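Please read the structure below before turning to the comments.
The values are calculated or read from the model by the stated rules, or taken from the named source; none is laboratory data. Note that this is a predicted model, so its numbers are computed, not measured. Positions of Cβ are generated from backbone atoms using ideal geometry, with glycine treated the same way; all protein chains shown enter the neighbour counts.
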Amino acid sequence: MSIFTKLIIGIGLFVVTFVGGYSLRDIAAGKPPELKSIPFALGLRAEQKSTLDATRTFAQVLANLELKFVGEIDRQELTYTAIQGMMDALKDPYTAIMAPEEAKIFDERSRGKFVGSGGIGAELSPDPMGARIRRVFKNGPAALSALRPDDVIVAVNGKQIMGSEIENVVDQIRGEEGTTVRLTIYRDSTKQTFDKVMERRKVQIQDVYSELLSGDYVGGTKIGRLEVRSFSETIVDQFDEELAFLEKAGIAGLIIDLRGNPGGLMGAAIDMASRFVDGRLIVSMRRKSGHAERFYARSGLSQRKAYPIVILVDESTASAAEIFAGALRDYRIATIVGEHTYGKAAVQNVVTLIDGAQAKITIARYYLPNGDLIQRIEDENGEYALGGIKPAVDVTLDRGVTPGDPVKDNQLRRAAEIILDKIQ
(Lines give C-alpha, C1' and ligand atoms only; values in the text may rest on other atoms or scores of the structure.)
Protein backbone atom coordinates (compact mmCIF):
# COMPACT_ATOMS: atom_id res chain seq x y z
CA MET A 1 0.00 0.00 0.00
CA SER A 2 1.41 3.38 -1.02
CA ILE A 3 2.05 6.26 1.40
CA PHE A 4 -0.55 8.38 -0.44
CA THR A 5 -3.22 5.68 -0.03
CA LYS A 6 -2.39 5.32 3.67
CA LEU A 7 -2.70 9.12 4.06
CA ILE A 8 -6.14 9.18 2.43
CA ILE A 9 -7.36 6.28 4.60
CA GLY A 10 -5.99 8.00 7.70
CA ILE A 11 -7.77 11.26 6.93
CA GLY A 12 -10.99 9.35 6.25
CA LEU A 13 -10.80 7.49 9.53
CA PHE A 14 -10.13 10.76 11.38
CA VAL A 15 -13.15 12.49 9.85
CA VAL A 16 -15.45 9.53 10.53
CA THR A 17 -14.17 9.17 14.10
CA PHE A 18 -14.38 12.95 14.75
CA VAL A 19 -17.89 13.34 13.37
CA GLY A 20 -19.06 10.25 15.22
CA GLY A 21 -17.53 11.35 18.50
CA TYR A 22 -18.72 14.93 18.07
CA SER A 23 -22.28 13.69 17.47
CA LEU A 24 -22.43 11.37 20.49
CA ARG A 25 -23.35 14.16 22.90
CA ASP A 26 -26.36 15.16 20.77
CA ILE A 27 -27.45 11.53 20.27
CA ALA A 28 -27.17 10.91 24.01
CA ALA A 29 -29.36 13.95 24.60
CA GLY A 30 -31.99 12.50 22.28
CA LYS A 31 -31.63 15.05 19.48
CA PRO A 32 -30.18 14.89 15.95
CA PRO A 33 -26.47 15.68 15.55
CA GLU A 34 -25.76 19.40 15.06
CA LEU A 35 -23.25 18.92 12.27
CA LYS A 36 -23.25 22.58 11.26
CA SER A 37 -21.25 23.39 14.39
CA ILE A 38 -18.36 21.12 13.36
CA PRO A 39 -16.58 23.87 11.33
CA PHE A 40 -16.40 25.94 14.53
CA ALA A 41 -14.70 23.05 16.34
CA LEU A 42 -12.18 22.65 13.50
CA GLY A 43 -11.45 26.39 13.44
CA LEU A 44 -12.79 26.77 9.90
CA ARG A 45 -15.29 29.54 10.76
CA ALA A 46 -13.04 32.12 12.38
CA GLU A 47 -15.17 35.05 11.23
CA GLN A 48 -18.24 33.78 13.06
CA LYS A 49 -16.12 32.98 16.10
CA SER A 50 -15.04 36.63 16.06
CA THR A 51 -18.70 37.69 16.08
CA LEU A 52 -19.36 35.28 18.94
CA ASP A 53 -16.46 36.77 20.91
CA ALA A 54 -17.82 40.29 20.39
CA THR A 55 -21.24 39.16 21.62
CA ARG A 56 -19.70 37.57 24.69
CA THR A 57 -17.71 40.75 25.37
CA PHE A 58 -20.88 42.86 25.23
CA ALA A 59 -22.73 40.43 27.51
CA GLN A 60 -19.79 40.45 29.95
CA VAL A 61 -19.79 44.24 30.20
CA LEU A 62 -23.57 44.38 30.60
CA ALA A 63 -23.49 41.71 33.32
CA ASN A 64 -20.78 43.58 35.24
CA LEU A 65 -22.68 46.85 34.98
CA GLU A 66 -25.84 45.23 36.34
CA LEU A 67 -23.87 43.59 39.14
CA LYS A 68 -21.57 46.40 40.19
CA PHE A 69 -22.75 49.83 38.92
CA VAL A 70 -23.81 52.01 41.83
CA GLY A 71 -26.65 53.80 40.01
CA GLU A 72 -29.92 52.74 38.40
CA ILE A 73 -29.68 50.79 35.13
CA ASP A 74 -32.18 50.62 32.27
CA ARG A 75 -31.10 47.46 30.46
CA GLN A 76 -33.11 48.27 27.33
CA GLU A 77 -31.70 51.79 27.05
CA LEU A 78 -28.17 50.45 27.51
CA THR A 79 -28.72 47.90 24.76
CA TYR A 80 -30.16 50.34 22.21
CA THR A 81 -27.51 52.95 23.00
CA ALA A 82 -24.77 50.36 22.53
CA ILE A 83 -26.23 49.22 19.21
CA GLN A 84 -26.58 52.80 17.99
CA GLY A 85 -22.98 53.50 19.05
CA MET A 86 -21.87 50.53 16.98
CA MET A 87 -23.81 51.84 14.00
CA ASP A 88 -22.50 55.39 14.48
CA ALA A 89 -18.96 54.01 14.09
CA LEU A 90 -19.90 53.20 10.46
CA LYS A 91 -20.37 56.95 9.83
CA ASP A 92 -23.56 56.31 7.87
CA PRO A 93 -26.47 58.46 9.08
CA TYR A 94 -29.06 56.06 7.62
CA THR A 95 -27.92 52.92 9.46
CA ALA A 96 -29.73 53.17 12.78
CA ILE A 97 -31.68 51.38 15.48
CA MET A 98 -35.37 52.10 16.08
CA ALA A 99 -36.87 51.23 19.46
CA PRO A 100 -40.16 49.25 19.32
CA GLU A 101 -42.44 52.30 19.55
CA GLU A 102 -40.49 54.17 16.88
CA ALA A 103 -40.46 51.01 14.74
CA LYS A 104 -44.25 50.82 15.00
CA ILE A 105 -44.62 54.40 13.72
CA PHE A 106 -42.18 53.63 10.90
CA ASP A 107 -44.27 50.58 9.92
CA GLU A 108 -47.43 52.69 9.88
CA ARG A 109 -45.85 55.23 7.55
CA SER A 110 -44.51 52.50 5.25
CA ARG A 111 -47.81 50.64 5.10
CA GLY A 112 -49.88 53.80 4.82
CA LYS A 113 -52.27 52.75 7.57
CA PHE A 114 -52.39 52.68 11.34
CA VAL A 115 -51.41 49.41 13.01
CA GLY A 116 -52.87 47.88 16.15
CA SER A 117 -55.44 50.52 17.17
CA GLY A 118 -58.20 52.74 15.87
CA GLY A 119 -58.07 56.46 15.23
CA ILE A 120 -60.10 59.36 13.86
CA GLY A 121 -58.27 59.86 10.54
CA ALA A 122 -56.61 63.22 11.07
CA GLU A 123 -53.08 64.59 11.17
CA LEU A 124 -52.38 66.81 14.18
CA SER A 125 -49.80 69.48 14.98
CA PRO A 126 -49.04 71.34 18.23
CA ASP A 127 -51.11 74.39 19.09
CA PRO A 128 -51.09 76.63 22.20
CA MET A 129 -54.71 75.62 22.86
CA GLY A 130 -54.17 71.89 22.35
CA ALA A 131 -53.77 70.12 18.98
CA ARG A 132 -54.50 71.68 15.60
CA ILE A 133 -55.88 69.53 12.79
CA ARG A 134 -53.58 69.86 9.77
CA ARG A 135 -55.18 67.25 7.52
CA VAL A 136 -58.40 65.27 7.50
CA PHE A 137 -58.14 61.88 5.79
CA LYS A 138 -60.81 60.96 3.30
CA ASN A 139 -63.66 58.78 4.59
CA GLY A 140 -62.24 58.68 8.13
CA PRO A 141 -64.27 59.44 11.29
CA ALA A 142 -63.01 63.05 11.39
CA ALA A 143 -64.10 63.67 7.78
CA LEU A 144 -67.49 62.03 8.39
CA SER A 145 -67.90 64.27 11.46
CA ALA A 146 -67.23 67.36 9.29
CA LEU A 147 -64.02 68.33 11.06
CA ARG A 148 -61.82 70.69 9.07
CA PRO A 149 -58.17 71.67 8.80
CA ASP A 150 -57.34 74.37 11.37
CA ASP A 151 -59.95 73.12 13.83
CA VAL A 152 -58.29 72.90 17.25
CA ILE A 153 -58.88 70.01 19.64
CA VAL A 154 -58.96 71.51 23.13
CA ALA A 155 -60.15 68.51 25.16
CA VAL A 156 -60.30 64.72 24.86
CA ASN A 157 -63.09 62.93 26.75
CA GLY A 158 -63.63 66.10 28.78
CA LYS A 159 -59.97 66.44 29.78
CA GLN A 160 -58.25 69.69 28.78
CA ILE A 161 -55.10 69.09 26.72
CA MET A 162 -53.60 72.60 26.68
CA GLY A 163 -49.82 72.28 27.07
CA SER A 164 -49.79 68.52 26.38
CA GLU A 165 -47.18 66.97 24.11
CA ILE A 166 -48.69 66.10 20.73
CA GLU A 167 -47.69 62.43 21.19
CA ASN A 168 -49.69 62.30 24.43
CA VAL A 169 -52.72 63.82 22.69
CA VAL A 170 -52.50 61.21 19.92
CA ASP A 171 -52.28 58.43 22.53
CA GLN A 172 -55.45 59.75 24.22
CA ILE A 173 -57.36 59.94 20.95
CA ARG A 174 -56.35 56.54 19.62
CA GLY A 175 -57.72 53.36 21.13
CA GLU A 176 -59.36 50.04 20.44
CA GLU A 177 -61.23 49.90 17.16
CA GLY A 178 -65.01 50.28 17.68
CA THR A 179 -64.73 52.33 20.88
CA THR A 180 -65.67 56.01 20.96
CA VAL A 181 -63.83 59.20 21.81
CA ARG A 182 -65.33 62.62 22.58
CA LEU A 183 -63.40 65.60 21.26
CA THR A 184 -64.03 69.22 22.16
CA ILE A 185 -63.29 71.38 19.11
CA TYR A 186 -62.66 75.10 18.78
CA ARG A 187 -63.35 76.55 15.31
CA ASP A 188 -61.74 79.94 14.76
CA SER A 189 -63.94 80.89 11.78
CA THR A 190 -67.05 80.81 13.97
CA LYS A 191 -65.38 81.46 17.34
CA GLN A 192 -67.37 78.52 18.69
CA THR A 193 -66.55 75.42 20.71
CA PHE A 194 -68.48 72.18 20.20
CA ASP A 195 -68.20 68.45 20.95
CA LYS A 196 -67.96 65.57 18.49
CA VAL A 197 -68.24 61.91 19.47
CA MET A 198 -66.51 59.59 16.99
CA GLU A 199 -66.07 55.87 16.70
CA ARG A 200 -62.42 54.89 16.40
CA ARG A 201 -61.65 53.01 13.20
CA LYS A 202 -58.67 51.58 11.36
CA VAL A 203 -57.91 54.40 8.96
CA GLN A 204 -55.71 54.69 5.92
CA ILE A 205 -53.16 57.48 6.04
CA GLN A 206 -53.76 59.93 3.22
CA ASP A 207 -50.48 60.76 1.49
CA VAL A 208 -51.78 62.41 -1.70
CA TYR A 209 -53.88 65.57 -1.82
CA SER A 210 -55.25 67.27 -4.92
CA GLU A 211 -56.44 70.79 -5.61
CA LEU A 212 -57.15 73.13 -8.49
CA LEU A 213 -55.11 76.31 -8.15
CA SER A 214 -57.26 79.38 -7.84
CA GLY A 215 -54.79 82.24 -7.37
CA ASP A 216 -54.81 85.32 -9.58
CA TYR A 217 -51.55 84.15 -11.16
CA VAL A 218 -53.33 81.29 -12.99
CA GLY A 219 -56.14 83.44 -14.33
CA GLY A 220 -58.86 81.16 -15.66
CA THR A 221 -56.46 78.33 -16.51
CA LYS A 222 -57.05 75.05 -14.73
CA ILE A 223 -53.76 73.94 -13.18
CA GLY A 224 -53.82 70.96 -10.85
CA ARG A 225 -51.57 70.41 -7.85
CA LEU A 226 -50.87 66.99 -6.37
CA GLU A 227 -49.14 67.10 -3.00
CA VAL A 228 -47.41 63.78 -2.38
CA ARG A 229 -46.28 63.51 1.23
CA SER A 230 -44.52 60.11 1.33
CA PHE A 231 -44.10 56.89 -0.65
CA SER A 232 -46.04 54.20 1.23
CA GLU A 233 -47.67 50.93 0.15
CA THR A 234 -50.97 52.71 -0.48
CA ILE A 235 -49.67 55.75 -2.36
CA VAL A 236 -50.17 54.55 -5.94
CA ASP A 237 -53.92 53.99 -5.56
CA GLN A 238 -54.26 57.40 -3.92
CA PHE A 239 -52.19 59.02 -6.68
CA ASP A 240 -54.35 57.42 -9.39
CA GLU A 241 -57.55 58.54 -7.67
CA GLU A 242 -56.45 62.14 -7.12
CA LEU A 243 -54.95 62.50 -10.61
CA ALA A 244 -58.16 61.11 -12.16
CA PHE A 245 -60.12 63.77 -10.25
CA LEU A 246 -57.90 66.54 -11.64
CA GLU A 247 -57.97 65.19 -15.19
CA LYS A 248 -61.75 64.90 -15.07
CA ALA A 249 -61.80 68.59 -14.14
CA GLY A 250 -59.92 69.31 -17.40
CA ILE A 251 -56.52 70.50 -16.16
CA ALA A 252 -54.17 72.19 -18.63
CA GLY A 253 -51.09 71.50 -16.51
CA LEU A 254 -50.01 69.54 -13.44
CA ILE A 255 -47.74 70.39 -10.49
CA ILE A 256 -46.52 67.40 -8.46
CA ASP A 257 -45.42 68.81 -5.12
CA LEU A 258 -42.72 66.70 -3.44
CA ARG A 259 -41.47 69.37 -1.03
CA GLY A 260 -40.93 67.95 2.42
CA ASN A 261 -41.39 64.40 1.13
CA PRO A 262 -38.88 62.15 2.99
CA GLY A 263 -39.37 59.24 0.58
CA GLY A 264 -40.30 55.74 1.65
CA LEU A 265 -40.57 52.57 -0.40
CA MET A 266 -38.51 52.30 -3.59
CA GLY A 267 -41.15 50.00 -5.07
CA ALA A 268 -43.81 52.69 -4.61
CA ALA A 269 -41.63 55.22 -6.46
CA ILE A 270 -41.14 52.77 -9.35
CA ASP A 271 -44.86 52.01 -9.53
CA MET A 272 -45.71 55.71 -9.55
CA ALA A 273 -43.11 56.43 -12.23
CA SER A 274 -44.75 53.67 -14.28
CA ARG A 275 -47.73 56.02 -14.72
CA PHE A 276 -45.48 58.23 -16.87
CA VAL A 277 -42.65 55.97 -18.15
CA ASP A 278 -43.27 52.71 -20.00
CA GLY A 279 -40.92 49.80 -19.36
CA ARG A 280 -37.74 51.88 -19.08
CA LEU A 281 -35.03 51.98 -16.43
CA ILE A 282 -36.10 53.89 -13.32
CA VAL A 283 -33.24 53.22 -10.92
CA SER A 284 -30.20 50.99 -10.58
CA MET A 285 -28.81 49.76 -7.28
CA ARG A 286 -25.23 48.77 -6.48
CA ARG A 287 -24.55 46.56 -3.47
CA LYS A 288 -21.40 46.01 -1.40
CA SER A 289 -20.19 43.33 -3.82
CA GLY A 290 -20.38 45.80 -6.70
CA HIS A 291 -23.20 43.82 -8.30
CA ALA A 292 -25.69 46.12 -10.03
CA GLU A 293 -29.45 45.52 -10.02
CA ARG A 294 -31.69 47.42 -12.41
CA PHE A 295 -35.33 48.24 -11.83
CA TYR A 296 -37.65 49.11 -14.68
CA ALA A 297 -41.05 50.76 -14.96
CA ARG A 298 -43.92 48.37 -15.43
CA SER A 299 -45.20 48.20 -18.99
CA GLY A 300 -48.71 49.10 -20.07
CA LEU A 301 -49.53 51.53 -17.25
CA SER A 302 -48.26 54.82 -18.65
CA GLN A 303 -50.31 57.28 -20.66
CA ARG A 304 -48.88 60.18 -22.60
CA LYS A 305 -50.00 63.38 -20.91
CA ALA A 306 -51.27 66.16 -23.12
CA TYR A 307 -50.34 68.75 -20.50
CA PRO A 308 -46.99 69.98 -19.12
CA ILE A 309 -45.79 68.72 -15.74
CA VAL A 310 -43.70 70.51 -13.13
CA ILE A 311 -42.26 68.82 -10.04
CA LEU A 312 -41.62 70.98 -6.96
CA VAL A 313 -38.72 69.91 -4.71
CA ASP A 314 -36.69 71.22 -1.78
CA GLU A 315 -33.88 70.05 0.51
CA SER A 316 -36.31 67.80 2.39
CA THR A 317 -37.23 65.89 -0.78
CA ALA A 318 -35.37 62.61 -0.31
CA SER A 319 -34.99 58.92 -1.10
CA ALA A 320 -37.92 57.46 -3.08
CA ALA A 321 -39.13 60.99 -3.87
CA GLU A 322 -35.78 61.68 -5.55
CA ILE A 323 -36.01 58.43 -7.53
CA PHE A 324 -39.42 59.44 -8.88
CA ALA A 325 -38.40 63.04 -9.63
CA GLY A 326 -35.09 61.95 -11.19
CA ALA A 327 -36.76 59.48 -13.55
CA LEU A 328 -39.30 62.04 -14.81
CA ARG A 329 -36.49 64.58 -15.23
CA ASP A 330 -34.15 62.20 -17.09
CA TYR A 331 -36.89 61.19 -19.55
CA ARG A 332 -37.86 64.86 -20.03
CA ILE A 333 -41.38 64.31 -18.82
CA ALA A 334 -41.28 66.97 -16.10
CA THR A 335 -39.45 70.19 -15.25
CA ILE A 336 -37.90 70.32 -11.77
CA VAL A 337 -38.49 73.58 -9.89
CA GLY A 338 -37.47 74.74 -6.41
CA GLU A 339 -34.32 73.97 -4.42
CA HIS A 340 -31.84 71.09 -4.55
CA THR A 341 -33.08 67.82 -3.06
CA TYR A 342 -31.57 66.13 -0.01
CA GLY A 343 -29.31 63.65 -1.77
CA LYS A 344 -30.16 60.36 -0.08
CA ALA A 345 -28.71 57.87 -2.53
CA ALA A 346 -28.85 55.02 -0.03
CA VAL A 347 -31.08 51.94 0.06
CA GLN A 348 -31.97 50.48 3.46
CA ASN A 349 -32.93 46.99 4.53
CA VAL A 350 -35.04 46.83 7.70
CA VAL A 351 -34.37 43.95 10.11
CA THR A 352 -36.94 43.31 12.84
CA LEU A 353 -35.29 42.32 16.13
CA ILE A 354 -36.63 39.90 18.71
CA ASP A 355 -38.09 42.62 20.97
CA GLY A 356 -39.90 44.49 18.20
CA ALA A 357 -37.14 47.02 17.61
CA GLN A 358 -35.85 47.44 14.06
CA ALA A 359 -32.42 47.96 12.58
CA LYS A 360 -32.15 49.98 9.38
CA ILE A 361 -29.03 48.99 7.47
CA THR A 362 -27.73 50.63 4.31
CA ILE A 363 -27.24 47.82 1.80
CA ALA A 364 -26.68 49.69 -1.47
CA ARG A 365 -26.33 52.99 -3.32
CA TYR A 366 -28.76 53.90 -6.08
CA TYR A 367 -28.26 55.67 -9.40
CA LEU A 368 -30.75 57.58 -11.54
CA PRO A 369 -31.49 56.50 -15.13
CA ASN A 370 -28.79 58.83 -16.55
CA GLY A 371 -26.22 57.28 -14.19
CA ASP A 372 -26.14 60.11 -11.64
CA LEU A 373 -25.18 59.24 -8.07
CA ILE A 374 -26.86 62.00 -6.09
CA GLN A 375 -25.33 61.11 -2.73
CA ARG A 376 -25.24 64.03 -0.29
CA ILE A 377 -21.85 65.44 0.70
CA GLU A 378 -21.56 67.68 3.74
CA ASP A 379 -18.82 70.08 4.83
CA GLU A 380 -16.90 69.93 8.11
CA ASN A 381 -19.82 71.69 9.87
CA GLY A 382 -22.33 69.10 8.69
CA GLU A 383 -23.91 71.51 6.21
CA TYR A 384 -24.91 70.56 2.66
CA ALA A 385 -22.08 70.93 0.15
CA LEU A 386 -22.96 68.78 -2.87
CA GLY A 387 -25.44 66.18 -4.05
CA GLY A 388 -29.15 65.87 -4.63
CA ILE A 389 -31.07 66.76 -7.77
CA LYS A 390 -30.49 70.27 -9.04
CA PRO A 391 -33.69 71.96 -10.25
CA ALA A 392 -33.91 73.25 -13.80
CA VAL A 393 -35.44 76.42 -12.34
CA ASP A 394 -33.93 77.40 -8.99
CA VAL A 395 -36.41 79.15 -6.68
CA THR A 396 -35.89 79.62 -2.93
CA LEU A 397 -39.04 79.68 -0.82
CA ASP A 398 -39.62 83.11 0.72
CA ARG A 399 -38.88 83.27 4.46
CA GLY A 400 -41.85 82.46 6.67
CA VAL A 401 -44.02 81.10 3.85
CA THR A 402 -45.82 77.75 4.24
CA PRO A 403 -45.52 75.51 1.15
CA GLY A 404 -48.90 75.29 -0.56
CA ASP A 405 -50.09 78.73 0.56
CA PRO A 406 -52.25 79.76 -2.43
CA VAL A 407 -51.22 83.41 -2.14
CA LYS A 408 -47.69 83.58 -0.68
CA ASP A 409 -45.99 80.42 -1.99
CA ASN A 410 -43.55 81.87 -4.54
CA GLN A 411 -42.27 78.43 -5.60
CA LEU A 412 -45.81 77.30 -6.42
CA ARG A 413 -46.43 80.55 -8.27
CA ARG A 414 -43.27 80.07 -10.36
CA ALA A 415 -44.27 76.49 -11.19
CA ALA A 416 -47.64 77.74 -12.44
CA GLU A 417 -45.95 80.44 -14.53
CA ILE A 418 -43.76 77.81 -16.21
CA ILE A 419 -46.84 75.77 -17.10
CA LEU A 420 -48.60 78.86 -18.47
CA ASP A 421 -45.54 79.65 -20.62
CA LYS A 422 -45.55 76.10 -22.03
CA ILE A 423 -49.23 76.08 -23.02
CA GLN A 424 -49.29 79.52 -24.62
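Structure notes:
- Being assigned by TED's automatic domain parsing to the domain that holds V277 and farther than 21 Å from L246 by Cβ is a condition met by at least one residue of region 333-340.
- Among the residues of region 194-206, those identified as in a strand (DSSP E or B) and either more than 18 Å from the chain's Cα centre (by Cα) or loosely packed, with under 15 Cβ neighbours inside 10 Å (or both) are F194, D195, K196, V197, M198, E199, R201.
- Scanning region 207-258 for residues that are touching a strand residue (DSSP E or B) at 6+ places or on another chain (Cβ under 7 Å), more than 14 Å from I311 (Cα to Cα) and assigned to a loop (DSSP other than H, G, I, E, B) yields D207, L213, K222, S230, S232, T234, A249, I251, A252.
- Taking the criterion of being outside any loop (DSSP other than H, G, I, E, B), among the hydrophobic types (A, V, I, L, M, F, W, C) and out of contact with any Leu (no Cβ under 8 Å at 6 or more places or on another chain), the residues of region 132-164 that qualify are A142, A143, L144, V152, V154.
- Test: residue in region 89-108 that is among the small types (G, A, S) and modelled with pLDDT under 90: yes
- Condition check for I83: outside the structural domain of Y186 (by TED's automatic domain parsing) and either touching a residue at least 12 places away in the same chain (Cβ under 8 Å) or surrounded by fewer than 18 Cβ atoms within 10 Å (Cβ to Cβ) (or both): yes
- Residue check, S117 of a type in the set (G, A, S), within 30 Å of Q358 (Cβ to Cβ), touching a residue at least 60 places away in the same chain (Cβ under 8 Å) and in contact with a strand residue (DSSP E or B) (Cβ under 8 Å, 6 or more places away or on another chain): yes
- Test: residue in region 163-172 that is within 20 Å of R111 (Cα to Cα) and touching a residue at least 12 places away in the same chain (Cβ under 8 Å): yes
- Boolean, R182 is of a type in the set (K, R), modelled with pLDDT of 90 or more and exposed (fewer than 14 other Cβ atoms within 10 Å of the Cβ): yes
Here's the yes/no breakdown for (1) surrounded by fewer than 19 Cβ atoms within 10 Å (Cβ to Cβ); (2) polar (S, T, N, Q); (3) out of contact with any helix residue (DSSP H, G or I) (no Cβ under 6 Å at 6 or more places or on another chain); (4) not assigned by TED's automatic domain parsing to the domain that holds A321:
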{"site": "S164", "(1), (2), (3), (4)": "yes, yes, yes, yes"}
{"site": "G175", "(1), (2), (3), (4)": "yes, no, yes, yes"}
{"site": "K191", "(1), (2), (3), (4)": "yes, no, yes, yes"}
{"site": "L212", "(1), (2), (3), (4)": "yes, no, yes, no"}
{"site": "G253", "(1), (2), (3), (4)": "no, no, no, no"}
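- Search result, residues across region 134-160 that are modelled with pLDDT of 95 or more and β-branched (V, I, T): V152, I153, V154, V156
- Candidate set: region 54-85, residues that are among the charged types (D, E, K, R) and part of a helix (DSSP H, G or I); chosen: the one nearest to I97 (Cα to Cα): E77
- Here the strands (runs of 3 or more DSSP E) wholly within region 259-336 that include at least 1 residues being surrounded by fewer than 19 Cβ atoms within 10 Å (Cβ to Cβ) and at pLDDT below 95 are 281-287, 292-296.
- Flag for L226 being hydrophobic (A, V, I, L, M, F, W, C) and not assigned by TED's automatic domain parsing to the domain that holds A131: yes
- Any chance D92 is surrounded by 12 or more Cβ atoms within 10 Å (Cβ to Cβ) and part of a helix (DSSP H, G or I): no
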